[in-house]
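Everything on this sheet refers to the single structure shown next.
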Amino acid sequence: MPSVEKFRASLKHFRIPEEIIGRIDEGFEKLNDRSPKPQRAAYFTHAVATMDETLDFAVQRDVMDWNGCCKSGARDKASRAFAAKYAALPLAQRLEKIGEVPYMGTATLDDDGTLVVHAVSFVGENGFRCACPTYHQTTLDTPLPAHYCLCCAGHFRYHYQLMLGVSLQTLEVVSSPLASMGREPCVLRFGITG
């Protein structure tokens, strides 16, 4: 979620109460997309912690999903082309084919019918690193709430829906480099809803 301005627009779009928006923006009122990356990272760290305290999971999921990156342009066209090329294959085979697509991770169907996505993993000298442009090169002093990664889940949900021709709903962030301080990779769980 590299865009402060898009995030603020999403808070209004999803009718987050002004009191909560005020708490999220407190101390960051002048921050914008041109602000230095460490300041933006501090803002998002504060914003997600505030959202965790004040909003239920479904609202957080909707807000963060809306902020997912790369939902247009070349990545969107590639996902649509994938869907057209492999539409006749059974779901399990399409999942295998997704594993061959750069930067789309790998996915399996769990025994309960949910889709588990092992998102792109970057490994650094101190463990797993986050793929998010805001935090990719950032070292955290404390864990970031896993709900921040609902934004990344929005990216994967969007593209997996297109590629698989199914409707998905994000159920949870199973693990995250940001929440685990680099000990665990990014793993996301989705329900197939249609």
Residues of the range 87-113 being of a type in the set (Ser, Thr, Tyr) and more than 20 Å from Lys71 (Cα to Cα), in sequence order, are Thr108
Filtering the range 24-53 down to residues that are basic (Lys, Arg) and either touching a residue at least 12 places away in the same chain (Cβ under 8 Å) or touching a Ser or Thr at 6+ places or on another chain (Cβ under 6 Å) (or both) yields Lys37, Arg40
Exactly one of Ser167, Ser121, Ser175, Ser180 is within 13 Å of the chain's Cα centre (by Cα) and among the small types (Gly, Ala, Ser), and that residue is Ser175
Restricting to the range 170-194, name every residue that is closer than 16 Å to Asp112 by Cβ and surrounded by fewer than 16 Cβ atoms within 10 Å (Cβ to Cβ). Gly191, Thr193
Checking Ser180, Ser167 in turn, the sole residue that is farther than 20 Å from Arg80 by Cα and of a type outside the set (Phe, Trp, Tyr) turns out to be Ser180
Residue that is surrounded by the fewest Cβ atoms within 10 Å (Cβ to Cβ), among those in the range 105-131 that are among the hydrophobic types (A, V, I, L, M, F, W, C) and under 15 Å from Val166 (Cβ atoms): Leu109
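Of the residues Ile24, Ile20, Ile16, which is assigned to a loop (DSSP other than H, G, I, E, B), more than 15 Å from the chain's Cα centre (by Cα) and more than 18 Å from Pro133 (Cα to Cα)?
One residue alone meets the criteria, Ile16.
Listed here are the residues, each with its yes/no results for (1) over 26 Å from Ala42 (Cα atoms); (2) touching a residue at least 12 places away in the same chain (Cβ under 8 Å); (3) not β-branched (Val, Ile, Thr).
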{"position": "Ala107", "(1), (2), (3)": "yes, yes, yes"}
{"position": "Asp112", "(1), (2), (3)": "yes, no, yes"}
{"position": "Leu140", "(1), (2), (3)": "no, yes, yes"}
{"position": "Cys149", "(1), (2), (3)": "no, yes, yes"}
{"position": "Cys152", "(1), (2), (3)": "no, yes, yes"}
{"position": "Leu164", "(1), (2), (3)": "yes, yes, yes"}
{"position": "Ser176", "(1), (2), (3)": "no, yes, yes"}
{"position": "Thr193", "(1), (2), (3)": "yes, yes, no"}
Every residue from the range 15-42 that is touching a Leu at 6+ places or on another chain (Cβ under 9 Å), modelled with pLDDT of 95 or more and not charged (D, E, K, R): Ile16, Ile20, Ile21, Ile24
Among Val116, Val101, Val120, the single one that is among the β-branched types (Val, Ile, Thr) and either outside the structural domain of Glu172 (by TED's automatic domain parsing) or at pLDDT 95 or above (or both) is Val116
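The values are calculated or read from the model by the stated rules, or taken from the named source; none is laboratory data. Because the structure is predicted, anything quoted here is derived from the model rather than measured. Cβ coordinates were reconstructed from backbone atoms using ideal geometry, including for glycine residues, and neighbour counts include every protein chain displayed.
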